[in-house]
Each structure stands twice: as C-alpha cells, then as structure tokens.
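The values are calculated or read from the model by the stated rules, or taken from the named source; none is laboratory data. The structure presented is a predicted model; accordingly, all values stated were derived computationally and were not measured. No Cβ is skipped: glycine too gets one built from the backbone with ideal geometry, and neighbour counts run over all protein chains shown. All accessible areas refer to the heavy atoms of the entire protein, side chains included, with ligands and DNA or RNA removed. Shrake-Rupley method; radii C 1.70, N 1.55, O 1.52, S 1.80 Å.
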Amino acid sequence: MTRAVLLRLRLVQLAGIVVVTALLAVLPLGLGLPLWSATVLAGWLYRRQGQDRTSDRLIWLSQVGMPGLAVEIAAVVGHGAVGVLCGLLSILLQASVLALLFPPARSPSAAEPPVEGWNPLADIGPEGSSYVLRLDAAPATSVAGPRLIPGLEMATQAWLWPDGWLLPGGTGSPEQDESNHYAVLAGPEAVLWLLDLRRVKAYRLTGCQLAGWRDGRPWLEADGGGRLLSVDDCMAATVPLQPAPRGGLRDLAGLLPPEPEPPEIADRADIMPAIALQAEWQLDQRQAADPLAVFRQPCWRLRINQLDTGLKIAAKDGSPLRWQCVSGRLLIRAVDDMGQGQDWQWQADGGLQRRQADPPPPGASPL
C-alpha cells in the first residue's frame, strides 16, 4: 500500500470521526442517546451471532460517538463546571458499558489448561525428546450432529448440521464432541473442515489431518507428522469462511447452484394484472426431509394481484407465462410436485382455470 493511499484512508477515517462526533453533539439528547444505545446493542447482537466484522464497525462508531454524546450531556446539564463534570463522567460510563459488553478476547494459550512438562513448540519424537500429548479416539456421536443427505447429483452426498452448515460428503463421517463445541470432517482433495459451533465459524484447512481428541477439543497434525496443532493454532492461522446463506442453509463448499433468474412474461403489456414470482428456496430447508429438493428442481410460486395461486413455475422453462392481449388471458405452464407440466389460464372475470394445451402457432415456441 503506497503512502498516498494510506494517507487517503487516514483522512477518510478522520472525516468519519469528525462527522459522527459532530452529529451526536448537535442532536438533542432525546435522539442522540437512543441512537448511541441502538448502535451498542446492534454491535452486541452481531457479536453474539459471530459476525465480528460488522460488530467491530459498530463498536468503532460507538467509541467515536462518545465525545459528541458527552458534549450534548454537558450542554443539557449546563451550569458551567457542573456540566463539564457530568460530560466527563458520561464518557467514563460509556466506556464502562463498552468494556462490559465487549471484553477483550482471551489469548489462545489461556483457553488450554497448562500441562506439566509439555513444550508446545517441541516436535513429536522419541521418548525423552519431547512431551507426547495423550489423545483420545473419536468422541461419541452427538445428538446434535449432522445428517447425511443426498447431494445435488446422484453420485454425491452432503452433510447437514442442525444450524445449517452444508458440507460435501468426505472420506469418512464427521466427528463432533458431546458438548457440540467442535466438529471435524475430512473432505475430498485432502481438505479438513473445522467447525466452531459455539462461535458459528468455519475453517477450511489443508495440509493437516485429525490426530485425536482431548478434553472435548480436536488436535491436528501436519501431513507426514510433526508438531501437534490445537484448535486455537488452526483458527489463528486461517481466516474463517463466509458461507453463502440460502434457504436456511450455510453453503461452505459451493454445493448449491447459483440462483436462477425468474422467467420472463411473453407479450407483456400494461393492462396485465400484477404478477409476482416468489422463489421457493427462500424458505427454511433445514428440517425438510430432502433439504436440497428445491435446488434440484427450482420453482417459483406464482402470485397474481397479491394472491398466491398455489401454482409452481419451473425455473428451467423458457416461456412459462404468456399474456394474450386480445382475450385478456394469462397462459400459464405450471408443474406439479412430480415435475409434470400443467396448463392453466387466468382471466379477470373467470379467475384461474385449468385448460387443455393449445397447439402453438407456426414459428412460435410452445408454451
């Protein structure tokens, strides 16, 4: 990063500080205090959901707004020195609230209990050269563990956790501790997936494998042997993944296809009714018998004049909707639950009716 770009970023950050501080200093206390409190609450909620980046931005806004809010408090109290003292005390109170809601993160070394005689930086070798950490086998299967579901293709499978984590079927079954804190899955192409279920974070690790478990925490080692790696070591060296949420699922490996575009309405006119297409994959699919069914055959729910018709429009069809301006009919090619085509029509006076398929005109694509 060049010096000019760095200076530009510093100036933008300084301008943001001035704007936020001035805003809270100018706003009445009845507006500034709720605004600051809402920012702190939103940061705390995002932190609980594991969205640290958004939470850090809101915390920064809360810290920047502290002087402006203190100025407004001092102006409301007034009386010279008394107002200034109240403003300074308000800064101390705001800082205490932020410190209680957002305590500093513990260092990775504090999370593990100390083991006498263990040197975490020493390589695993013959007896006497280093401390060998005793590991347990895979823990018992947790009741909150994932379930195996068929993949989008017949030859593939996927694992789905109750929280929505979606991972491809790997070389073995996932291992998860009984307290539902961590889960490990060995995936294809020498990829190891590590899920931090408590903090809702996922990591994609390469060049390492699961060595065993100790006190409900997985331990890993590099391919070919070497120093054992704790969960904190892996998390510190790897950036957590940002899953693509869709249908209540958190796609970590790109298993879900891209969202199809809604079909166009042929011969669209201004006198048409209000037509809306709602994607079925916006619903929560986590508890469905086949969570990926709506992605194998994506359909749209047809709504006419803000009323759900109950008809499904396949996303693969080229022209499932056609408006006939002369007769004032909307021709609809829908699909049933088995994927078979159905022909319907809608008119303003007759409503929705089932119809027989009309032969397409010469040179036109069939509806």
Practice problem: Taking amide H positions as placed in the peptide plane 1.01 Å from N, state which residues far from Asp177 in sequence (5 or more) or on other chains have amide H under 5 Å from it. | Solution: Tyr182
Quiz prompt | Under 5 Å, built H, 5+ apart or other chain: amide partners of Ala158 | solution = Ile149, Gly151, Gly169
Quiz item: Residue separation times 0.36 nm, minus the C-alpha to C-alpha distance between Ala274 and Leu152: what's the value?
Solution: 40.5 nm
Quiz item: Under the Kirkwood approximation applied to all pairs of distinct alpha-carbon atoms, what is the hydrodynamic radius of the stretch 293-355 in Å?
Solution: 12.2
Exercise. On each of the three principal axes of the Cα atoms of the stretch 231-305, give max minus min coordinate, whole Å, ordered largest first.
Key: 64, 27, 19
Exercise. Any chance you could run the full-extension gain for Arg8 through Asp233? It's 0.36 nm times the residue separation minus the Cα-Cα distance, nm to one decimal.
Key: 77.5 nm
Quiz item: Using 1/(1 + (r/R0)^6) with R0 = 56 angstrom and r between the beta carbons of Val76 and Asp284, what's the FRET efficiency to the nearest 0.05?
Solution: 0.75
Exercise. Compute the relative contact order of the stretch 147-242 as a whole-number percentage, counting only Cα pairs closer than 8 Å that sit 6 or more residues apart in sequence.
Key: 15
Quiz item: From the phi of every residue in the stretch 304-313, what ³J(HN,Hα) in whole Hz does the Karplus formula 6.51 cos²θ - 1.76 cosθ + 1.60 yield, where θ is phi - 60° and glycine or proline is x?
Solution: 10, 6, 6, 10, 6, 7, x, 8, 10, 10
Practice problem: Specify the inter-centroid distance of the stretch 163-181 and the stretch 182-224, based on alpha-carbon positions, in whole Å. | Solution: 10
Quiz item: Leaving out ligands, DNA and RNA, what percent of the accessible area of the stretch 293-355 is carbon and sulfur, probe 1.4 Å?
Solution: 46
Self-check item: From phi via Karplus (6.51, -1.76, 1.60), per-residue ³J(HN,Hα) for the stretch 329-346 in Hz, x at Gly/Pro
Solution: 10, 10, 8, 10, 10, 9, 10, 8, 5, 8, x, 7, x, 9, 9, 10, 9, 10
Exercise. With r as the distance between the Cβ atoms of Leu88 and Glu261 and R0 = 51 Å, compute the FRET efficiency 1/(1 + (r/R0)^6) and round to 0.05.
Key: 0.30
Self-check item: Protection-proxy order for peptides 339-347, 157-165, each taking the mean of Cβ atoms within 10 Å per residue, highest first
Solution: 157-165, 339-347
Practice problem: Compute the relative contact order of the stretch 293-355 as a whole-number percentage, counting only Cα pairs closer than 8 Å that sit 6 or more residues apart in sequence. | Solution: 21
Practice problem: Determine the gain in length on full extension of the stretch Asp52-Arg355; use 0.36 nm per residue of separation and subtract their C-alpha separation, reporting nm with one decimal. | Solution: 103.6 nm
Quiz item: How would you rank 29-35, 296-302, highest first, on the average number of other Cβ atoms within 10 Å across their residues?
Solution: 296-302, 29-35
